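So the structure is just underneath, and the comments pick up after that.
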Amino acid sequence: MTKAKKEEQAFEANFRKLEGLSQELQENKVSIDELVPRMKEALESIKICKSVLKETKSQLAQVNEEFEELSALSPASDS
C-alpha cells in the first residue's frame, strides 16, 4: 500500500472517529468517567488529521509549481 493511500485511510478513519465522538457528546452519551480518555483519543485523531492535511497541502503546492513550470515552457497558443 502506498504512503498516500495509508494517509488517506488514516485521515478517514480518524475523521470518522471524531464525527462519532462529536455525535455522542451532542447526545450526552459520554459519561463523565469516559470523558477525559475519549478527549485524549480525540486529540490524537486531530493530530493525525492535521498532519495528513499539512502533507496534502504541501504536495498540492508542489504539483501546482510543476503545472506553472509547464505552463511557462509551453508556447502561447494562437487563438
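The values are calculated or read from the model by the stated rules, or taken from the named source; none is laboratory data. For clarity, every value in this text was computed on a predicted model and none was experimentally measured. In this analysis, Cβ positions are derived from the backbone assuming ideal geometry, glycine residues included, and neighbour counts consider all displayed protein chains.
Please work out which residue is surrounded by the most Cβ atoms within 10 Å (Cβ to Cβ), limiting yourself to region 46-79 and to residues that are more than 20 Å from LEU18 (Cα to Cα) and among the polar types (S, T, N, Q).
The selected residue is GLN59.
With the condition kept exactly as written, say whether any residue in region 35-45 is part of a helix (DSSP H, G or I), in contact with a Leu (Cβ under 7 Å, 6 or more places away or on another chain), surrounded by 11 or more Cβ atoms within 10 Å (Cβ to Cβ) and not charged (D, E, K, R).
yes
Just to be sure before I move on: is PHE15 of a type outside the set (D, E, K, R) and either in a loop (DSSP other than H, G, I, E, B) or surrounded by 11 or more Cβ atoms within 10 Å (Cβ to Cβ) (or both) in the structure I sent?
Against the criterion (of a type outside the set (D, E, K, R) and either in a loop (DSSP other than H, G, I, E, B) or surrounded by 11 or more Cβ atoms within 10 Å (Cβ to Cβ) (or both)), PHE15 qualifies.
So, in region 26-65, how many residues would count as being farther than 26 Å from GLN9 by Cβ and either among the β-branched types (Val, Ile, Thr) or modelled with pLDDT under 95 (or both)?
Count: 2.
Looking at region 59-79, I want the residues that are under 27 Å from LYS5 (Cβ atoms) and have a partner that is at pLDDT below 95 and surrounded by 10 or more Cβ atoms within 10 Å (Cβ to Cβ) with Cβ atoms under 9 Å, at least 6 apart or on another chain. Which pairs are those?
GLN59/ALA4
Somewhere in region 14-25, is a residue modelled with pLDDT of 95 or more and among the aromatic types (Phe, Trp, Tyr)?
There is at least one residue in region 14-25 that is modelled with pLDDT of 95 or more and among the aromatic types (Phe, Trp, Tyr).
How about region 14-41: which of its residues are among the hydrophobic types (A, V, I, L, M, F, W, C) and over 23 Å from LYS3 (Cα atoms)?
LEU21, LEU25, VAL30, ILE32, LEU35, VAL36, MET39
Here are GLU41, GLU66: which of them is acidic (Asp, Glu) and in contact with a helix residue (DSSP H, G or I) (Cβ under 8 Å, 6 or more places away or on another chain)?
So the residue among GLU41, GLU66 that is acidic (Asp, Glu) and in contact with a helix residue (DSSP H, G or I) (Cβ under 8 Å, 6 or more places away or on another chain) is GLU41.
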